[in-house]
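The values are calculated or read from the model by the stated rules, or taken from the named source; none is laboratory data. Keep in mind it's a predicted model, so treat the numbers as computed, not measured. Here the Cβ positions follow ideal geometry from the backbone for every residue, glycine too, while neighbour counts run over all protein chains shown.
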Amino acid sequence: MTSSSAPGGETRLALAAGISCYFSWGLIPVLFQHIGRLGAGPWEILAHRIAWGLPTAVVLVLLGGQTRAAREVLRQPRTLGWLALSALTIAVNWVVFIWAVNSGRVLETSLGYYILPLLNMAAGALLFRERIDRIGRIAIGFAAAGVALQTLALGHLPVVSLALALSFGAYGVIRKRVAAEAQTGFLFESAFLLLPSVAFIGWMGLHGHSQFGQSLPLSGWLIACGPLTAIPLFWFAWAARRLPLSAMGFLQFIAPTLTFGLGVAQGEPFTALRAASFVLIWAGVAVFAYGVWRASRLAQAATASVLEAAE
């Protein structure tokens, strides 16, 4: 492998980290489905995902040299309050996702994460007064039409898709307000959720409902949920600091594309109307991706002009 000290080496490693992150998120439904078939329910999977995620978060904070930053967060009650709220939103997102992929709704999860960047754009305009240009409005319009058509195809609102997009969108908005790195933030989010998770695991054990310990494979996979949650987050944080926004904008569609393929391969109902709704969503995604690429090119051109004028 090319050393990261070589020209472009770090960029290539960051690209590999970003791709690995989104591939992990796109394929994780297979893990949750496997654990579900072994007997664990969504709430038990969630509880172990949190409980075993905390030790991994501690290791990542130590590896990232963020112990000082973690101590600073402990002295900031406001930051801790925001992280407690972000912990709640990500827990909602996780349990909805786990339940959905184990209930034959993988395509709905895919739709939710296709909608997410467009929802983030709208949230940026409403909450942070970020400007939406004509390209952005067209992208959001396609997405809204796709959701409307999906509603007709399903016979009801795509509640799973909207719940995933809204919960993760809310998580992103909250984390935008928090002055904490991804690893440090995840450490405190896991810590806030640890007590109820351990209490739930203990309650299940006392009442004979726990699947943990019933078989070595199941117990091993439940433990693996922790690092398999935390490590992709570390890859994401590392890549996001080193890749242009345009690159990350394109990479984020790897995960829902993989889950879409998974849902179709598993034989979920895919009518012509539902296909048309995805076509509209993909059109919105394509317009969004073009807008990100165009903005990046304009920013590069502006920087080059400033440098030329300074010479």
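Some observations on this one:
- Residue match in region 139-160 (condition: touching a residue at least 40 places away in the same chain (Cβ under 8 Å), among the aromatic types (F, W, Y) and farther than 19 Å from W282 by Cβ): no
- Just one of the listed residues (T56, T67) is surrounded by fewer than 14 Cβ atoms within 10 Å (Cβ to Cβ) and polar (S, T, N, Q), and it is T67.
- Restricting attention to region 173-195, the residues being more than 21 Å from L228 (Cβ to Cβ) and not hydrophobic (A, V, I, L, M, F, W, C) number 2.
- When A165, A125, A170, A145 are screened for being at pLDDT 85 or above, assigned to a helix (DSSP H, G or I) and surrounded by fewer than 19 Cβ atoms within 10 Å (Cβ to Cβ), only A145 passes.
- On inspection, I98 qualifies as assigned to a helix (DSSP H, G or I), touching a residue at least 60 places away in the same chain (Cβ under 8 Å) and touching a Phe, Trp or Tyr at 6+ places or on another chain (Cβ under 6 Å).
- Scanning region 175-216 for residues that are among the polar types (S, T, N, Q), over 25 Å from L233 (Cα atoms) and surrounded by 13 or more Cβ atoms within 10 Å (Cβ to Cβ) yields a count of 2.
- Candidates L243, L222, L258, filtered to the one that is modelled with pLDDT under 85, aliphatic (A, V, I, L, M) and in contact with a helix residue (DSSP H, G or I) (Cβ under 6 Å, 6 or more places away or on another chain): L243
- Test: residue in region 47-61 that is assigned to a helix (DSSP H, G or I), β-branched (V, I, T), at pLDDT 90 or above and more than 16 Å from A191 (Cα to Cα): no
- The set of residues from region 22-46 being of a type in the set (A, V, I, L, M) and either modelled with pLDDT under 90 or assigned to a helix (DSSP H, G or I) (or both) comprises L27, I28, V30, L31, I35, I45, L46.
- Tally, over region 87-122, of residues that are touching a Lys or Arg at 6+ places or on another chain (Cβ under 7 Å) and modelled with pLDDT under 90: 0
- Of all residues in region 148-162 being touching a helix residue (DSSP H, G or I) at 6+ places or on another chain (Cβ under 7 Å) and among the polar types (S, T, N, Q), the one that is surrounded by the most Cβ atoms within 10 Å (Cβ to Cβ): S161
- E72 acidic (D, E) and touching a residue at least 12 places away in the same chain (Cβ under 8 Å): no
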